[in-house]
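Written below as structure tokens is the structure these notes are about.
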Amino acid sequence: MSMIGTTLLLVGAVVLLFRFYAKYKLNYWKRRGVQSLPTDLIFGNFKDAVLFRTAPGWHLGKLHKDAAADAKLLGFYIFHKPCVLLRDPKLIRQIMVTDFENFSDRHFGGSKQTDSIGMVNLFGLKNPVWKYVRSKITPTLTKGKLKLMLPLMTEIGENMIEYIDSKPVDSEGIKKLDAQDLNYKYTTDLISIVALGTKLNSFLDPNNKLTKVVDRFFHSLKRMIALITVFFMPELVELFGSLMLFDSSFLKKVFFKEVEHRERSGLKNGDFIDSLIKIKHEQQNPDFRFDGDNLFYQSGTFFSGFESSSTASSFSIMELAKHPEFQQKAREDINAAIEKHGLTYNAFNDMKYLDQCIAEGIRLHPPVATIDRNTRQDYQIPGTDVVLEKGTAVYISLYGLHQDPQYFEDPSAYNPERYNERVNISEAYIPFGVGPRMCVGMKIGQLHAKVSIAMILRKYEIRQLPIDKISLDNRSTFTAAANGINLQFKEVDSS
């Protein structure tokens, strides 16, 4: 047989063996009697997400919607890795609350705790270390701490309004601005002052080095690839580690410079860095010490948390621009609260209708659209013969769950009235997660979003551009608009 013939025979054998292997791997759920969807031999059910044809979080929502309406869970594959998608709110609560101990770890980041500003904190740590760290971080986010942060938030908000004021108007008195970019700038300054102890004004000085580094953290292609990897293919993080993750060396330098300054000077600002310094000097747990890089990594909690609330602000503003009747009610709510309490914590706490507007915004556009867990030990789904094997990745799609017509009437419509006090909110509504591991920063995130939106609506009426289609960034695991959220801003008539 010729060399060419031998080569072709070998190639054919390899292709045939791969097909047998792939078909066997992709029948995992069928062999266990779990519903699954048609698969690609290489990518499983995740081809469009892996190739960035659709946003990964949105793609998982599509899998939720493509399943049979009565399916409580769906088996799917990332490449050949079997994963499960939970679709039933009662099963979700069973796993996330009742049986939490077996699902207390996120699948995020893999089995090893790779050094990273995004993983070695409450977002990614595994039990029992996660539980210990949460016990230390939770007291830094009390109501009293939020009251101390509010003046920082409003000061940055005033910088934002000055920036909007400085923009030119057309013949009808209209300014055109990107609401997503406004909120990214606001969030960059908030992260800098709260998590790094450094004051910025990204509106006036977008070329500041720290501003640029934080911007890369949010928007760089490397970070987009890192996010889809740590959420859906964490095994690659364990193989390639720091080659894939964001280089936080400059942020680390800024953080420790501020920590050292405060320790030397005795200066106290009553902020998160003060809280971390206090924790650093307390008795340490041998499993996790709050010193060195571990101290810095806790600032990552605010990077992820404030990015989420920035998204909540941006997309809620977008929806209010589409619905002027809801926007006006929100403006009246804001003005009434400030007239009664001044620009205080009590005022923002009293903006109940604005709460409803944001709640509906994050139902339709969940900032972190995917919740993930890892199965620590074999687990039998209650009432079934289905067993999730140890190590199985468990996912919940908020795009799928929050837009499921079984749980929300007219689910694609933006309607803040869903959250009136007299209305029972569906147990499928879990934008901050559910159970012991739900978002610890929910209150500060809500306050951040309310300050940003309230300061804009007090002064400006916002409208959609006549021709503008908002599309999701297909590279982003978190919710983001591909080309911004471009809106019209016109000063409110105060006469």
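The values are calculated or read from the model by the stated rules, or taken from the named source; none is laboratory data. From a predicted model like this one, the values you see are computed outputs, not experimental measurements. Because the Cβ atoms are built from the backbone with ideal geometry, glycine has one as well, and the counts that use them run over all protein chains shown. To get the accessible areas, we keep the full protein, side chains included, count just its heavy atoms, and leave off ligands, DNA and RNA. Shrake-Rupley method; radii C 1.70, N 1.55, O 1.52, S 1.80 Å.
What number goes with the only condition from (1) modelled with pLDDT of 95 or more; (2) closer than 24 Å to residue 380 by Cα that residue 163 does not pass?
(2) is the only condition that residue 163 fails.
Restricting to the range 65-104, give me the number of residues that are among the charged types (D, E, K, R) and in a loop (DSSP other than H, G, I, E, B).
First, the residues of the range 65-104 that are among the charged types (D, E, K, R): 65-66, 70, 72, 81, 87-88, 90, 93, 99, 101.
Filter again for in a loop (DSSP other than H, G, I, E, B), leaving 70, 72, 87-88, 99.
Total satisfying the criteria: 5.
Would it be correct to say that residue 423 is over 20 Å from residue 125 (Cβ atoms) and touching a residue at least 60 places away in the same chain (Cβ under 8 Å)? First the steps, then the outcome.
Working: over 20 Å from residue 125 (Cβ atoms): yes; touching a residue at least 60 places away in the same chain (Cβ under 8 Å): no.
The answer is no for residue 423.
Can you go through 355, 385, 378 and tell me which one is over 21 Å from residue 451 (Cβ atoms) and touching a residue at least 40 places away in the same chain (Cβ under 8 Å)? Even if it seems obvious, please write down each step before you answer.
Values: 355 fails: over 21 Å from residue 451 (Cβ atoms); 378 fails: touching a residue at least 40 places away in the same chain (Cβ under 8 Å).
Being over 21 Å from residue 451 (Cβ atoms) and touching a residue at least 40 places away in the same chain (Cβ under 8 Å) holds for just one of 355, 385, 378, which is 385.
Do you know which of the residues in the range 1-34 that are free of Cβ contacts under 8 Å to residues at least 24 places away in the same chain and of a type in the set (Gly, Ala, Ser) is surrounded by the fewest Cβ atoms within 10 Å (Cβ to Cβ)?
2
Which members of the range 277-317 meet the condition of being aliphatic (A, V, I, L, M) and buried (at least 23 other Cβ atoms within 10 Å of the Cβ)? Steps first, please.
Taking the range 277-317 as the starting set, the residues that turn out to be aliphatic (A, V, I, L, M) are 277, 279, 295, 312, 317.
Once the filter is applied, which keeps residues that are aliphatic (A, V, I, L, M) and buried (at least 23 other Cβ atoms within 10 Å of the Cβ), the range 277-317 yields 312, 317.
Restricting to the range 35-58, and then to whatever is over 11 Å from residue 472 (Cβ atoms) and β-branched (Val, Ile, Thr), can you tell me which residue is most open to solvent (accessible area, probe 1.4 Å)?
Selected residue: 42.
Are any residues in the range 448-495 among the hydroxyl-bearing types (Ser, Thr, Tyr), over 25 Å from the mean Cα position of the chain (by Cα) and open to solvent by 10 Å² or more (accessible area, probe 1.4 Å), and if so, which ones?
Going through the range 448-495, the residues among the hydroxyl-bearing types (Ser, Thr, Tyr) turn out to be 452, 460, 471, 476-477, 479, 494-495.
Restricting the remaining residues to those that are over 25 Å from the mean Cα position of the chain (by Cα) gives 460, 494-495.
The answer is 494, 495.
Go through the range 101-115 residue by residue and tally those that are open to solvent by 10 Å² or more (accessible area, probe 1.4 Å), polar (S, T, N, Q) and at pLDDT 95 or above.
1
Can you name the condition, by its number, that residue 90 falls short on among (1) open to solvent by 80 Å² or more (accessible area, probe 1.4 Å); (2) in contact with a Ser or Thr (Cβ under 6 Å, 6 or more places away or on another chain)?
Failing condition for residue 90: (2).
Consider only pairs whose beta carbons are under 7 Å apart and that are at least six residues apart or on different chains; among these, list those whose first residue lies in the range 469-486 and is in a loop (DSSP other than H, G, I, E, B) and among the small types (Gly, Ala, Ser) and whose second residue is surrounded by 18 or more Cβ atoms within 10 Å (Cβ to Cβ) and modelled with pLDDT under 90.
476/224
Looking only at the range 153-198, count every residue that is more than 30 Å from residue 274 (Cα to Cα), open to solvent by 20 Å² or more (accessible area, probe 1.4 Å) and either assigned to a strand (DSSP E or B) or touching a Lys or Arg at 6+ places or on another chain (Cβ under 9 Å) (or both) and tell me the total.
10
With respect to residue 188, is the statement that it is under 19 Å from the mean Cα position of the chain (by Cα), over 30 Å from residue 374 (Cα atoms) and in contact (Cβ under 8 Å) with a residue 24 or more places away in the chain true? Full working, then the answer.
Values: under 19 Å from the mean Cα position of the chain (by Cα): yes; over 30 Å from residue 374 (Cα atoms): yes; in contact (Cβ under 8 Å) with a residue 24 or more places away in the chain: yes.
Considered against the rule, which asks whether it is under 19 Å from the mean Cα position of the chain (by Cα), over 30 Å from residue 374 (Cα atoms) and in contact (Cβ under 8 Å) with a residue 24 or more places away in the chain, residue 188 comes out as yes.
Can you confirm whether residue 225 is open to solvent by 60 Å² or more (accessible area, probe 1.4 Å) and either part of a loop (DSSP other than H, G, I, E, B) or within 20 Å of residue 311 (Cβ to Cβ) (or both)?
Values: open to solvent by 60 Å² or more (accessible area, probe 1.4 Å): yes; either part of a loop (DSSP other than H, G, I, E, B) or within 20 Å of residue 311 (Cβ to Cβ) (or both): yes.
Spelling it out, residue 225 is indeed open to solvent by 60 Å² or more (accessible area, probe 1.4 Å) and either part of a loop (DSSP other than H, G, I, E, B) or within 20 Å of residue 311 (Cβ to Cβ) (or both).
Cβ contacts < 9 Å: first residue among the charged types (D, E, K, R), restricted to the range 285-301; second residue surrounded by 12 or more Cβ atoms within 10 Å (Cβ to Cβ) and in a loop (DSSP other than H, G, I, E, B), any location; separation 6+ or different chain. Result?
Matching pairs, first to second residue: 287/128; 291/284; 293/115; 293/120.
Identify, from the list 98, 140, the residue that is modelled with pLDDT under 95 and not basic (Lys, Arg).
Details: 98 fails: modelled with pLDDT under 95.
One residue alone meets the criteria, 140.
Conditions: (1) surrounded by fewer than 18 Cβ atoms within 10 Å (Cβ to Cβ); (2) in contact (Cβ under 8 Å) with a residue 24 or more places away in the chain. Residue 248 meets all but one. Number of the miss?
Unmet for residue 248, out of (1) surrounded by fewer than 18 Cβ atoms within 10 Å (Cβ to Cβ); (2) in contact (Cβ under 8 Å) with a residue 24 or more places away in the chain: (1).
Exactly one of (1) assigned to a helix (DSSP H, G or I); (2) touching a Lys or Arg at 6+ places or on another chain (Cβ under 7 Å); (3) of a type outside the set (Ser, Thr, Tyr); (4) modelled with pLDDT under 90 is unmet by residue 122. Its number?
(1)
For a quick check of your reading of the model, give me the residue pairs whose first member lies in the range 58-79 and is closer than 18 Å to residue 233 by Cβ, whose second is part of a strand (DSSP E or B) and modelled with pLDDT under 95, with beta-carbon atoms closer than 6 Å and at least 6 apart or on different chains.
Close Cβ pairs satisfying both conditions: 58/472.
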